[in-house]
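Below is one structure, written out as structure tokens, with a few remarks after it.
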Amino acid sequence: MLKEVPTRQAGSVDALKIIQKHRGWVSDEALDDLSAVLGLSRADLESVATFYSLIFRKPVGRHVILVCDSVSCWIMGCLPRSVGEEQVMDRLQRKLGIQPGETTEDGVFTLLPTVCLGHCEQAPVMMLDGEIIGNLTDEKIDQILAEKRES
Amino acid sequence: MEFVLTKNIVKGNLPTWIDAYEANGGYSALRRAIGMSPDEIIQVVMDSELKGRGGAGFPTGMKWKVMTPLAESARPRYLCCNFDEMEPGTFKDRFLVEGDPHQFIEAIAIAAHACQVDIAYVFIRDEYRRSQEILQRAIAEAESRGYVGKGFECRLHASAGRYMAGEETGLINALEGKPARPRSKPPYPGTSGAWGKPTVVNNVETLSCVPHIIERGADWFKSLGKAKDSGTKIYGASGRVKQPGAWELPMGSTMRELIWDHAGGMQDGYEFRAALPGGASTHFIDVSQLDIPLDFESMKEIHQFLGTGMAIVLDDKTCPVAMCRNMEMFFARESCGWCTPCREGLPWIEGLLEDIEQGRGQAGDVDLLLDQAKFIGPHTYCALALGAVTPLISAIEKFRDDFDAHISEKRCPYEG
């Protein structure tokens, strides 16, 4: 990987992603190790690791759910809006028993809000383990959670 | 009308691979371009009056012209293709690349020749996994036939989230493995960009126009536009319309055409109130503006922006105050924190909007909001803050009654 980048620093995002791919998240120890491998200061690496929203500096569950909460999905019902209407984020919170930013006790799911996923024609949209799932309905959400819990 | 950018995009959006692309005349523009000098190509692109489709509308030929002084000391030279599509409501570049990846790669090869770059980076957002897979295969196909790899290298760089990575200089910082913060300009990237070397940053849709300009000429390209700007444009719509999507239309098409001819009109039970014409960072187009041509020049005349051309529709059941609050949450979260007015001001604006939306607003709050919004916009390095306050200022101007009603009624009139 490092052969393809002009400087070691340029490889930092890819390197963090490799760590995350194998361990699920980037721990302090992993950051120390990477700092030694790349010859970059711990502070430089930390500033990159904490800047980018898809690098996780806390443990996450086996499945990470990113719920788009930007404007097109919001109009189509991704966030709590009006009284008596359950929206995508409410349903996920209720079904999983967690708040956005948390992981279920069994370590299966992490629920995170995210910015526009660029699939607004299918709003409301979420991303689960890298896969886009659009045109979300209550039934679709329930079915996906059940499938993932079993796998 | 004639389809230019989408002529190879089949329904269902399955990618057109290299054999089908070549069979339909693909890569002949590159062969023609190779026979031309870089100056000749840049002149044609300048004559075509192609403007940046990322939203800013800067003339592409002028950006390329800055790259013309060729100093051996200033190598390698870089092309960064901006595929970090994160503007809310915007999915046109994904639509183009996933349907016709080779049109984009041919464009990269022509731009690489014209700007004499050594390395072309496709800077793509991490969440576009399918686009990444399609591009990997398409780049390999193009390499195997010698279109890519001779004279320049093409590399795919997947980012890791954050809207700011799509800002021109933020993108360069992100590529260098740093937080995506903007750089002070000058120096412009054409003189000192990635790793201090000459760098040109172009949007995917902008580049995709180039092979057609080379093949058929600047005058033909100019004739495609219906109003003041040249070419065709990928427009789109999302929100409570019957058929949300993206369509290629002549540049200068109107909101009326977008919503009623292409998006199938509004869903049953919803009325059109207004729309942001090009992502969140634009002013609202209201009912009285439905026939204004959506191009860079026409929008400039009414002191508005075209942005990405991907419309976000506000219906009559959606609260404009709450919609603004949602957008300010986006911008506050995505601010990189570099400039104080943006870092501190946007969360403050979001908070005040939340107060107003939840019935805690006080007399004078709307004017205060407007004052702050107008102050923040011009006092930052990049255009994120300006983009953030644009829909808000526009909403206050166009839906002032809605803001005032929240304060006088101490509740959101759209709820319950």
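Here are the numbers:
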| quantity | calculated |
| --- | --- |
| Single match in B:G55, B:G12 (criterion: among the small types (G, A, S) and crowded, with 16+ Cβ neighbours inside 10 Å) | B:G55 |
| B:R94 being at the interface with another protein chain (Cβ under 10 Å from one of its Cβ atoms) and among the charged types (D, E, K, R) | yes |
| Among the residues listed as A:T103, A:T137, A:T114, the single one being in contact (Cβ under 8 Å) with a residue 60 or more places away in the chain and among the hydroxyl-bearing types (S, T, Y) | A:T114 |
| Evaluation of A:Q93 against (1) in a helix (DSSP H, G or I); (2) closer than 25 Å to B:R325 by Cβ; (3) within 9 Å of chain B (Cβ to nearest Cβ) (one fails), failing number | (3) |
| Residue satisfying condition, being without any contact (Cβ under 8 Å) to a residue 24 or more places away in the chain and in a helix (DSSP H, G or I), within set B:E215, B:E143, B:E205 | B:E143 |
| Options B:E106, B:E127, B:E167; residue that is away from chain A (no Cβ under 11 Å), acidic (D, E), under 17 Å from the mean Cα position of the chain (by Cα) and surrounded by 24 or more Cβ atoms within 10 Å (Cβ to Cβ) | B:E167 |
| Evaluation of A:S53 against (1) over 14 Å from the mean Cα position of the chain (by Cα); (2) among the small types (G, A, S); (3) within 16 Å of A:T114 (Cβ to Cβ) (one fails), failing number | (1) |
| Selection count where residues are surrounded by fewer than 20 Cβ atoms within 10 Å (Cβ to Cβ) and either out of contact with any Phe, Trp or Tyr (no Cβ under 8 Å at 6 or more places or on another chain) or in contact (Cβ under 8 Å) with a residue 60 or more places away in the chain (or both), scope segment B:371-397 | 10 |
| Failed criterion for B:I172 (all others in (1) within 19 Å of the chain's Cα centre (by Cα); (2) in the same structural domain as B:V44 (by TED's automatic domain parsing); (3) more than 30 Å from B:S37 (Cβ to Cβ) hold) | (3) |
| Top-ranked residue in segment B:145-155 [being within 14 Å of another protein chain (Cβ to nearest Cβ) and surrounded by 16 or more Cβ atoms within 10 Å (Cβ to Cβ); ranked as nearest to A:L117 (Cα to Cα)] | B:C154 |
| Of all residues in segment B:303-316 being touching a strand residue (DSSP E or B) at 6+ places or on another chain (Cβ under 9 Å) and more than 8 Å from every other protein chain (Cβ to nearest Cβ), the one that is farthest from B:V241 (Cα to Cα) | B:Q304 |
| Single condition A:V60 does not satisfy, out of (1) among the aliphatic types (A, V, I, L, M); (2) in contact (Cβ under 8 Å) with a residue 40 or more places away in the chain; (3) in a loop (DSSP other than H, G, I, E, B); (4) within 7 Å of another protein chain (Cβ to nearest Cβ) | (4) |
| Any chance B:V122 is within 14 Å of chain A (Cβ to nearest Cβ), of a type in the set (A, V, I, L, M), touching a residue at least 40 places away in the same chain (Cβ under 8 Å) and assigned to a loop (DSSP other than H, G, I, E, B) | no |
| Looking only at segment B:170-182, and only at residues there that are out of contact with any Gly (no Cβ under 8 Å at 6 or more places or on another chain) and not charged (D, E, K, R), the one that is nearest to the other protein chains (Cβ to nearest Cβ) | B:P179 |
| Conditions (1) farther than 21 Å from B:Y414 by Cβ; (2) within 14 Å of chain A (Cβ to nearest Cβ); (3) among the charged types (D, E, K, R); number of the one not met by B:E350 | (1) |
| Residue check, B:D268 surrounded by fewer than 24 Cβ atoms within 10 Å (Cβ to Cβ), more than 29 Å from B:F331 (Cβ to Cβ) and not assigned by TED's automatic domain parsing to the domain that holds B:I41 | yes |
| Condition check for A:S82: modelled with pLDDT under 95, touching a Gly at 6+ places or on another chain (Cβ under 8 Å) and hydroxyl-bearing (S, T, Y) | yes |
| Residue that is of a type in the set (A, V, I, L, M, F, W, C) and without any contact (Cβ under 8 Å) to a residue 40 or more places away in the chain, where the choices are A:L40, A:L66, A:L96 | A:L40 |
| Pair list, Cβ under 9 Å, 6 or more apart: segment A:1-29 residue within 20 Å of B:L156 (Cβ to Cβ) and within 11 Å of another protein chain (Cβ to nearest Cβ), other residue of a type in the set (F, W, Y) and assigned to a loop (DSSP other than H, G, I, E, B) | A:V13/A:Y52; A:L16/A:Y52; A:Q20/A:F56 |
| Among the candidates A:I144, A:I98, A:I133, A:I75, residue that is within 14 Å of chain B (Cβ to nearest Cβ) and under 17 Å from the mean Cα position of the chain (by Cα) | A:I133 |
| Counted residues, segment B:218-270 - those being among the charged types (D, E, K, R), in a loop (DSSP other than H, G, I, E, B) and away from chain A (no Cβ under 14 Å) | 4 |
| Qualifying residue in segment B:178-187 (condition: at pLDDT 95 or above, among the charged types (D, E, K, R), buried (at least 16 other Cβ atoms within 10 Å of the Cβ) and assigned to a helix (DSSP H, G or I)) | no |
| Residue check, B:Q358 touching a residue at least 40 places away in the same chain (Cβ under 8 Å), of a type in the set (S, T, N, Q), more than 14 Å from chain A (Cβ to nearest Cβ) and over 23 Å from B:Y163 (Cα atoms) | no |
| Test: residue in segment B:183-192 that is out of contact with any Leu (no Cβ under 7 Å at 6 or more places or on another chain), within 14 Å of chain A (Cβ to nearest Cβ) and among the small types (G, A, S) | no |
| Test result for B:A111, more than 24 Å from B:I213 (Cβ to Cβ) and either in a helix (DSSP H, G or I) or touching a residue at least 24 places away in the same chain (Cβ under 8 Å) (or both) | no |
| Residue match in segment B:58-66 (condition: buried (at least 22 other Cβ atoms within 10 Å of the Cβ), closer than 14 Å to B:G190 by Cα and touching a Leu at 6+ places or on another chain (Cβ under 8 Å)) | yes |
| Scan of segment A:1-55 for residues that are surrounded by 19 or more Cβ atoms within 10 Å (Cβ to Cβ) and aromatic (F, W, Y), ordered by number | A:F51, A:Y52 |
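The values are calculated or read from the model by the stated rules, or taken from the named source; none is laboratory data. Quantities reported herein were computed from a predicted structural model and do not represent experimental measurements. Positions of Cβ are backbone-derived with ideal geometry, glycine not excepted, and every protein chain shown enters the neighbour counts.
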